[in-house]
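Input: a single structure, listed below in structure tokens.
The values are calculated or read from the model by the stated rules, or taken from the named source; none is laboratory data. Since the structure is predicted, the reported quantities are computational estimates derived from the model, not experimental observations. Cβ atoms come from the backbone with ideal geometry, glycine included; neighbour counts cover every protein chain shown. Accessible surface areas use protein heavy atoms only, side chains included; no ligands, DNA or RNA. Shrake-Rupley method; radii C 1.70, N 1.55, O 1.52, S 1.80 Å.
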Amino acid sequence: MRPKSDDKRNRRNAPIVQGALPLAQEGGTTIVAIGASAGGIEALTELMNHLPVDTGMSFVLVQHLDPKHHSILTELLARKTAMSVTEVSEGLHVEPNHVYVIPPNASMSISDHTLHLGPREESRGLHMSVDHFMRSLAEQEGNRAIGVILSGSGSDGTMGMAEIQAHGGVTFAQDAASAKYDGMPRSAAASGCVDYVLPPKGIAKELTRISRHPYLARKILHTAPEVAAPSGSGLNTIFQVLRKATGVDFTHYRQSTILRRVQRRMVVHKIDKIEEYAKFVQSKPAEVQALYQDMLINVTSFFRGERVFEALKSTVFPAVLKNLTRERGIRIWTPGCASGEETYSVAIALLEFLGDKASQVPIQFFGTDVSDTSVARARNGVYPENIQADVSPERLRKYFTKVENGYRVSKTLRDMCIFAQHNVLNDPPFSRMDLICCRNLLIYLEPVLQSRVISLFHYALRPNGFLVLGGSEGLGATSNLFAVEDRTHKIFSRKAGGARQTPGFSLHSPAEQRESDPVRGPAKQLDSNWGYGEAQKEFDRRLLTQYAPATVFVNEEMEIIHTRGNVNRYLKLATGRASLSLMKMAREGLLVELRNAMNRAKKENVIVGKHNLQIKNEDGNGTGEGAPASASIRLVNFEVIPITLGNSKEPYFMIVFQEAPPPPRAALTRRTRASEETESALKRTVKLEEELAATKEYLQSVIETQEATNEELQSANEEILSSNEELQSTNEEMETAKEELQSANEELTTVNDELRSRNLEITQINNDLINLLSSTDIAVIMIGSDLTIRRFTPKAQKFLGLIPGDIGRPLANINPTIEIADLQSMVLQVVADFHTLERELMDRMGVHYQFKILPYRTLDNKIDGAVITIVDIAPEKAGADAKGNS
């Protein structure tokens with residue numbers, strides 16, 4: 001029940017505005033990512049044909065292209081739409097009503113509305129250029145991202161579409177009937193992350209409609225937003241319907257996330273106001289389930305955050321194996337496992353760590369999620385082919401089997417993993433766990449639920465058990481329950497003590513709970529066969545309570561874990577919120593010395609004692625009850641004793657309080673009033689000096705603590721900077737030969753589509769040229785730069801005695817019917833000096849002709865041969881002679 005993707009998700013807190021849908025951020029442009037592969041050019045041209053030019057959206061086309069072949073996709077699409085079509089270059093800013101095409105041999109991402117190009121990423125799997133861009137778009141644009149998958153083979157785009165949907169965007173896939181290759185759209189639709197399955201024309205129509213929807217409107221309201229009233233609002237109505245239908249209460253989930261999911265469903269169903277959508281949900285049970293699945297955001301991947309699994313192998317698994325006993329095995333729980341990738345990833349990491357010992361250790365993995373659909377997918381263990389980008393070839397061979405269109409987790413690994421539907425907030429947890437791996441679930445809960453869940457995890461873990469959280473998560477108010485083992489990878493170990501919330505679950509009915517209520521008495525009478533062992537324990541308890549000195553046990557944070565004896569004479573419950581902090585409960589006169597003694601014992605690991613401390617005896621007997629307060633003073637001694645519990649790394653302390661014996665009474669002597677005053681002043685001075693020394697010692701300890709804290713903060717800051725650099729880098733391995741071939745086939749198909757389109761144009765141009773040459777009454781011969789005949793008109797056959805077989809023959813080998821002196825040298829002269837040469841010729845019959853040689857120029861104005869024309873000028877000559885005779 002979580003999106004598992006990157007922890008750096010772009011969360012927008014979008015409140016409900018006066019009953020209408022909250023609009024997205026000002027100045028933003030909705031960006032449509034269109035992924036395609038084999039057969040995608042036809043679908044792209046049809047989509048562009050039916051898109052208006054004023055949607056206000058930007059369209060980014062990510063097509064599988066041959067990295068070694070120049071693409072003409074930009075030219076082809078420019079003829080199909082009036083929008084500006086541009087091939088992407090580095091740093092290109094995205095503008096509305098523009099189309100952007102990925103160049104060959106590049107991967108593309110987006111940041112701050114700017115497109116960035118990088119080297120083509122050859123991963124272990126296929127070249128997933130569509131997934132790469134869509135994931136980047138989802139993280140950057142959130143609800144302003146739209147995903148479209150068109151024709152193509154393979155599964156590229158499936159994970160990217162899931163990310164877009166998880167961030168509140170809308171997703172489309174081409175239907176199988178209109179797709180030339182349905183692999184990519186079918187894979188996306190099967191994953192459940194597609195909102196519309198339509199032909200390209202239908203996708204264009206829906207994109208146009210969505211561009212006008214208030215959720216994606218380009219202008220923001222200037223009125224101040226007002227959050228919907230807590231009672232009677234459409235959002236609360238939706239919460240009630242979901243709670244009644246699914247048993248899950250979303251009231252204290254992150255409101256920004258909940259609102260994005262509701263808004264997304266409103267866009268899908270063409271609804272503008274949240275009150276209307278609330279009525280729609282009440283009348284459509286199917287929509288309740290669809291919204292429920294949207295709320296859960298089941299997006300994850302294998303080995304998400306690879307370094308976390310390396311940290312498990314180096315830190316957690318060795319400690320778990322060290323504490324392992326013959327009586328029990330290893331138990332690991334992954335709450336919010338979604339479709340199971342996280343559970344299987346932890347299982348693989350543990351098996352790799354154990355190696356040959358894996359068969360000798362009983363292992364149980366528990367994966368739970370509130371979504372029954374996700375749990376069913378996890379049990380089945382079938383995943384698409386694009387998991388190759390996250391799972392190494394070695395792991396694929398060892399822990400997976402190839403099935404049609406994907407991979408399935410091996411039976412041995414599936415048998416180790418138990419998947420169950422489970423609500424971590426309401427249902428009883430698993431117990432005696434060695435490790436709980438719960439990453440990126442808490443970020444979707446409000447702080448009150450986060451504290452509750454972490455307290456429950458503390459309950460479910462064994463002593464010295466481990467908890468792993470997501471990169472953006474922390475312990476918050478429950479930090480006293482766990483010790484930090486690895487701050488960078490958010491690995492914590494369970495503390496044996498510490499105050500915690502009572503887990504909110506029960507295995508008994510309310511009636512059974514009342515029967516066992518400690519206030520009302522036990523649920524049943526003490527068994528008559530109460531044995532000697534129980535009696536001895538009761539005697540020991542009474543003895544320790546009545547005769548042992550007052551003793552408290554505290555942890556490193558000075559939280560009281562356990563007490564013995566009458567500690568009321570030394571500690572008291574402070575006013576305000578209840579707390580078990582030793583420093584808040586110490587009576588007046590103990591606080592400073594107690595803090596100094598604790599700091600010294602913690603630092604030097606020695607027993608520290610303090611004697612003859614004066615405590616005000618508020619009521620004369622130390623009980624604090626009933627009698628009016630008096631000014632009597634009593635003397636107290638205490639010792640702070642460090643304690644180590646077994647293999648625990650966490651330090652504990654035992655503090656023993658005792659009443660100090662009264663000082664011996666000196667013999668009565670006569671004293672003058674002056675001597676008594678002097679002695680009293682001396683005592684006050686000594687007392688003040690002692691208090692001043694204690695205060696100096698306390699301030700010194702505070703300074704040392706502050707310096708240590710500053711060093712830790714500086715170290716943490718350096719770790720954060722290092723982690724940020726690591727997150728910005730990607731490191732993927734080479735893909736296998738089969739996957740390279742498949743990717744190459746897709747790219748070749750795209751090249752073939754482009755060439756087919758170009759061939760159609762060339763065929764048309766060739767037909768036009770042939771008809772032009774056939775219909776002209778002029779003798780034309782085209783000569784190449786190597787003086788070979790390229791093409792000639794039918795009229796040229798008569799003058800130069802040519803036949804069709806002469807094409808390609810040298811000009812010197814022909815035998816023209818008209819005698820042309822130095823024909824070859826004239827052609828060479830024209831090619832050399834670029835000037836036209838004209839002459840008048842006469843054949844054997846006395847007919848006059850105009851002979852002309854022109855340079856043959858290409859489109860880029862280069863000379864590549866010559867053109868010879870021969871025109872019959874006999875009628876013009878005869879007319880000129882007749883005019884001269886007259």
query = How many of the residues in region 326-348 are of a type outside the set (D, E, K, R) and more than 19 Å from SER493 (Cα to Cα)?
reply = 10
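Out of everything in region 747-771 that is touching a residue at least 40 places away in the same chain (Cβ under 8 Å) and either open to solvent by 60 Å² or more (accessible area, probe 1.4 Å) or part of a loop (DSSP other than H, G, I, E, B) (or both), what residue ends up being nearest to ALA866 (Cα to Cα)? Give the derivation first.
Going through region 747-771, the residues touching a residue at least 40 places away in the same chain (Cβ under 8 Å) turn out to be 747-751, 753-754, 757-758.
Still in the running and either open to solvent by 60 Å² or more (accessible area, probe 1.4 Å) or part of a loop (DSSP other than H, G, I, E, B) (or both): 748, 758.
Values: LEU748: 37, ARG758: 27 Å.
Filtering region 747-771 for residues that are touching a residue at least 40 places away in the same chain (Cβ under 8 Å) and either open to solvent by 60 Å² or more (accessible area, probe 1.4 Å) or part of a loop (DSSP other than H, G, I, E, B) (or both), the one nearest to ALA866 (Cα to Cα) comes out as ARG758.
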note = Result of the Cβ filter at 6 Å on region 601-614, keeping first residues that are in a strand (DSSP E or B) and partners that are among the charged types (D, E, K, R), at least 6 apart or interchain, is VAL608/ARG600; GLY609/GLU639; LYS610/GLU593; LEU613/GLU593
ask   = So which strands (runs of 3 or more DSSP E) are wholly in region 342-417 and hold at least 2 residues that are surrounded by 22 or more Cβ atoms within 10 Å (Cβ to Cβ)?
value = 363-369
request  = Within region 586-607, work out how many residues are touching a Phe, Trp or Tyr at 6+ places or on another chain (Cβ under 9 Å), open to solvent by less than 60 Å² (accessible area, probe 1.4 Å) and more than 14 Å from ALA694 (Cα to Cα).
outcome  = 3
request  = Keeping to region 828-845, report how many residues are open to solvent by 80 Å² or more (accessible area, probe 1.4 Å) and among the hydroxyl-bearing types (Ser, Thr, Tyr).
outcome  = 0
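Name the one entry in PHE309, PHE366, PHE353 that is over 24 Å from the mean Cα position of the chain (by Cα) and of a type in the set (Phe, Trp, Tyr). Write out each step before concluding.
Values: PHE309 fails: over 24 Å from the mean Cα position of the chain (by Cα); PHE366 fails: over 24 Å from the mean Cα position of the chain (by Cα).
Every option except PHE353 fails the conditions.
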query = Pairs under 8 Å by beta carbon, first residue over 16 Å from ARG304 (Cβ atoms) and touching a residue at least 40 places away in the same chain (Cβ under 8 Å) in region 332-357, partner basic (Lys, Arg) and surrounded by fewer than 24 Cβ atoms within 10 Å (Cβ to Cβ), six or more apart or different chains?
reply = PHE353/LYS313
request  = Would you confirm whether any residue within region 455-465 is open to solvent by 20 Å² or more (accessible area, probe 1.4 Å) and not in a strand (DSSP E or B)?
outcome  = yes
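Just the residues that are modelled with pLDDT under 75 and either under 30 Å from VAL484 (Cα atoms) or in a helix (DSSP H, G or I) (or both), please, taken from region 651-677. Before you say what the answer is, go through the steps one by one.
Looking only at region 651-677, we keep the residues that are modelled with pLDDT under 75, and these are 662-677.
Once the filter is applied, which keeps residues that are modelled with pLDDT under 75 and either under 30 Å from VAL484 (Cα atoms) or in a helix (DSSP H, G or I) (or both), region 651-677 yields ARG673, ALA674, SER675, GLU676, GLU677.
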key: For LEU47: the one exception among (1) modelled with pLDDT under 90; (2) crowded, with 23+ Cβ neighbours inside 10 Å; (3) assigned to a helix (DSSP H, G or I)   = (1)
task = Restrict the check to region 244-251 and report whether at least one residue is outside any loop (DSSP other than H, G, I, E, B), buried (at least 22 other Cβ atoms within 10 Å of the Cβ), in contact (Cβ under 8 Å) with a residue 12 or more places away in the chain and touching a helix residue (DSSP H, G or I) at 6+ places or on another chain (Cβ under 7 Å).
result = no
message = Looking at SER123, SER89, SER107, can you tell me which residue is part of a loop (DSSP other than H, G, I, E, B) and at pLDDT below 90?
response = SER123
request  = Consider only pairs whose beta carbons are under 6 Å apart and that are at least six residues apart or on different chains; among these, list those whose first residue lies in region 462-487 and is free of Cβ contacts under 8 Å to residues at least 40 places away in the same chain and whose second residue is buried (at least 18 other Cβ atoms within 10 Å of the Cβ) and among the hydroxyl-bearing types (Ser, Thr, Tyr).
outcome  = ALA477/SER451; THR478/SER451; THR478/SER455
task = Starting from region 773-789, take each residue that is within 10 Å of ALA866 (Cα to Cα) and list its partners that are of a type in the set (Val, Ile, Thr) and open to solvent by less than 50 Å² (accessible area, probe 1.4 Å), counting only C-beta distances under 6 angstrom and pairs at least six apart or across chains.
result = ILE781/ILE868; MET782/VAL867; ILE783/VAL827
note = Checked region 562-575 for anything open to solvent by less than 70 Å² (accessible area, probe 1.4 Å) and either touching a Gly at 6+ places or on another chain (Cβ under 8 Å) or not in a strand (DSSP E or B) (or both); matches are GLY565, VAL567, ARG569, TYR570, ALA574
request  = Check region 627-638 and report whether any residue there is at pLDDT below 75, within 30 Å of HIS562 (Cβ to Cβ), part of a helix (DSSP H, G or I) and open to solvent by less than 70 Å² (accessible area, probe 1.4 Å).
outcome  = no
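Rundown of residues vs (1) acidic (Asp, Glu); (2) modelled with pLDDT of 85 or more, yes/no style:
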{"residue": "ALA245", "(1), (2)": "no, no"}
{"residue": "ARG265", "(1), (2)": "no, no"}
{"residue": "ASP272", "(1), (2)": "yes, no"}
{"residue": "PRO285", "(1), (2)": "no, no"}
{"residue": "ILE297", "(1), (2)": "no, no"}
{"residue": "GLU310", "(1), (2)": "yes, yes"}
inquiry  = I'm checking my understanding of the structure. Among residues of region 418-454 that are outside any strand (DSSP E or B) and of a type in the set (D, E, K, R), which one is nearest to THR246 (Cα to Cα)?
reply    = ASP427
task = State the number of residues belonging to region 810-829 that are touching a strand residue (DSSP E or B) at 6+ places or on another chain (Cβ under 6 Å) and either more than 13 Å from ILE868 (Cα to Cα) or not aliphatic (A, V, I, L, M) (or both).
result = 2
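For region 51-86, what are the residues that are buried (at least 18 other Cβ atoms within 10 Å of the Cβ) and part of a loop (DSSP other than H, G, I, E, B)? Quick ask: steps written out before the conclusion?
Restricting attention to region 51-86, the residues satisfying the condition of being buried (at least 18 other Cβ atoms within 10 Å of the Cβ) are 51, 55, 57-66, 71, 73, 76-77, 81, 83, 85.
The answer is LEU51, THR55, MET57, HIS64, LEU65, ASP66, SER71, THR81, MET83.
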query = Which of the residues that make up region 398-412 are of a type in the set (D, E, K, R) and modelled with pLDDT of 90 or more?
reply = LYS398, ARG408, LYS411
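Listed here are the residues, each with its yes/no results for (1) surrounded by fewer than 16 Cβ atoms within 10 Å (Cβ to Cβ); (2) touching a Gly at 6+ places or on another chain (Cβ under 8 Å); (3) under 20 Å from TYR849 (Cα atoms).
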| site | (1), (2), (3) |
| --- | --- |
| LEU773 | no, no, yes |
| ILE778 | yes, no, yes |
| LYS795 | no, no, yes |
| LYS798 | yes, no, yes |
| GLY801 | yes, no, yes |
| PRO804 | yes, no, no |
| ARG809 | yes, no, no |
| LEU823 | no, no, yes |
| MET826 | no, no, yes |
request  = Scan region 270-315 for residues that are surrounded by fewer than 20 Cβ atoms within 10 Å (Cβ to Cβ) and among the polar types (S, T, N, Q) and report the count.
outcome  = 6
